[in-house]
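If you scroll down you'll find the structure; I have some questions about it.
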Amino acid sequence: IPRDRHQRRQRIQTIEHPSQGQYPHRIQMIVRIVRLSIKPEHADEFYRLFRETYTAIRGFEGCSELQLFHDADDENLFITYSHWESEEHLNEYRQSELFKTTWAAVKPLFSNAPQAFSMKHLYPIANN
C-alpha cells in the first residue's frame with residue numbers, strides 16, 4: 001500500500017494492461033460528439049433551434065457541458081459537443097420528450113445522416 005499521497009496518486013493514475021480491460025479510476029463521464037450536415041437553406045434555422053433548446057438541454061439532469069461548433073471549411077457542417085455524468089444520464093436524455101421533440105424539429109434539416117460518437121474520458125485524470 002502506498003504510504004504517501006504522491007505514491008497513491010501514481011498508483012491510481014497507472015492504467016493496467018489494456019487486455020485486462022480495467023482502468024483503476026473508472027471515470028463514468030461520457031463525451032458525446034454529433035456531426036450534423038445541414039441543408040444550406042436550413043443552416044440559420046438549425047442555429048436558431050439550437051439556441052432555443054440550449055438551456056433546456058444543458059439543464060437536463062446529468063448534462064454538465066453543451067457546445068455547438070461550426071466547421072471551419074464547411075458552413076453547413078455543425079458539431080455538438082456535450083458531457084454527460086454517465087451513459088445512463090445520456091440514455092435518459094435520449095428517451096426524453098425534450099430529445100424527441102428537438103430531434104423531430106431538426107431531422108428534416110439534415111442533408112446527410114448524422115454521425116454520433118460516445119467516448120469515455122481516460123486521461124488526464126480530472127481533479128488531481
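The values are calculated or read from the model by the stated rules, or taken from the named source; none is laboratory data. The shown structure was predicted, so the numbers you read here are calculated from the model rather than taken from an experiment. Glycine also receives a Cβ, built like all others from the backbone with ideal geometry; neighbour counts cover every protein chain displayed. When the accessible area is computed, the model is the full protein with side chains, heavy atoms only, and any ligands, DNA or RNA have been set aside. Shrake-Rupley method; radii C 1.70, N 1.55, O 1.52, S 1.80 Å.
Mean shadow of segment 23-128, computed from the convex hull of its alpha carbons, in nm²?
Projected area, direction-averaged: 7.5 nm².
Let me ask you something else. Given a 1.4 Å probe and every protein chain left where it sits, what share in percent of the accessible area of segment 44-106 is carbon and sulfur?
48
What nm distance separates the two modelled labels at residue 81 and residue 105, each placed 7 Å from Cα along Cα→Cβ?
In this crude label model, residue 81 to residue 105 measures out at 2.4 nm.
Residue separation times 0.36 nm, minus the C-alpha to C-alpha distance between residue 48 and residue 71: what's the value?
6.6 nm
Give, in nm to one decimal, the length gained when the segment between residue 28 and residue 115 is fully stretched (0.36 nm per residue of separation minus the Cα-Cα distance).
29.1 nm is the gain from fully extending residue 28 to residue 115.
Okay, next question. Is there a quick way to get the dipole size of segment 82-128? I mean about its Cα centre, with the Cβ of Lys and Arg at +1 and of Asp and Glu at -1; what is the value in debye to the nearest 20?
220
Just the number please: accessible area per residue for segment 88-128, 1.4 Å probe, all protein chains included, in Å².
Value returned for segment 88-128: 72 Å² of accessible area per residue.
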